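The values are calculated or read from the model by the stated rules, or taken from the named source; none is laboratory data. None of these values were measured; they are calculated from a predicted model. Here the Cβ positions follow ideal geometry from the backbone for every residue, glycine too, while neighbour counts run over all protein chains shown. These area figures cover heavy atoms from the full protein model, side chains too; ligands, DNA and RNA do not enter into them. Shrake-Rupley method; radii C 1.70, N 1.55, O 1.52, S 1.80 Å.
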Amino acid sequence: MKSVWFKDNVCSNYKLQIKRFRDYFVANGMKEAKTPEEADMLFIGTCSAFDILEEESLQDLRDANKLENKQIIAYGCLTTFDEEGVKAIHKGK
């Protein structure tokens, strides 16, 4: 069974979206993984509200990219406000 893991370093608006993503994937047969290492798909929430949250989000993407054979999806405000910065680190979706 395929599995998905969520990193939700995001505001309350995006936390609602995470819940919707989670509900969708579970309803369609995916298991929620407890760690990124055991997941097939990683959803990395990003934030650009403060410099420290932006750097943490970028580090989350760097860490995810070190894992092999993972589908990585970045979402959240950082993907909109610093699209080029995210693309420089993240080669996924």
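Per-structure values
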{"read-out": "Matching residues, segment 68-80, being surrounded by 14 or more Cβ atoms within 10 Å (Cβ to Cβ) and either among the β-branched types (Val, Ile, Thr) or farther than 23 Å from Lys19 by Cα (or both)", "value": "Ile72, Ile73, Thr79"}
{"read-out": "Residue check, Arg62 open to solvent by 50 Å² or more (accessible area, probe 1.4 Å) and within 27 Å of Met1 (Cβ to Cβ)", "value": "no"}
{"read-out": "Yes/no for Ile89 being touching a residue at least 12 places away in the same chain (Cβ under 8 Å) and over 18 Å from Phe6 (Cα atoms)", "value": "yes"}
{"read-out": "Filter result for Lys87 (open to solvent by 80 Å² or more (accessible area, probe 1.4 Å), touching a strand residue (DSSP E or B) at 6+ places or on another chain (Cβ under 7 Å) and modelled with pLDDT under 85)", "value": "no"}
{"read-out": "Tally, over segment 1-23, of residues that are touching a helix residue (DSSP H, G or I) at 6+ places or on another chain (Cβ under 8 Å) and either open to solvent by 30 Å² or more (accessible area, probe 1.4 Å) or in a strand (DSSP E or B) (or both)", "value": "8"}
{"read-out": "Within segment 24-49, considering residues that are assigned to a strand (DSSP E or B) and closer than 24 Å to Glu84 by Cβ, the one modelled with the highest pLDDT", "value": "Leu42"}
{"read-out": "Counted residues, segment 34-59 - those being more than 13 Å from the chain's Cα centre (by Cα) and closer than 24 Å to Lys2 by Cβ", "value": "3"}
{"read-out": "Asp51 among the acidic types (Asp, Glu), in contact (Cβ under 8 Å) with a residue 12 or more places away in the chain and open to solvent by 30 Å² or more (accessible area, probe 1.4 Å)", "value": "no"}
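Listed here are the residues, each with its yes/no results for (1) within 19 Å of Ile89 (Cβ to Cβ); (2) under 10 Å from the mean Cα position of the chain (by Cα); (3) of a type outside the set (D, E, K, R).
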position	(1), (2), (3)
Met1	no, no, yes
Lys7	yes, yes, no
Asn13	no, no, yes
Leu16	no, no, yes
Arg22	no, no, no
Lys31	no, no, no
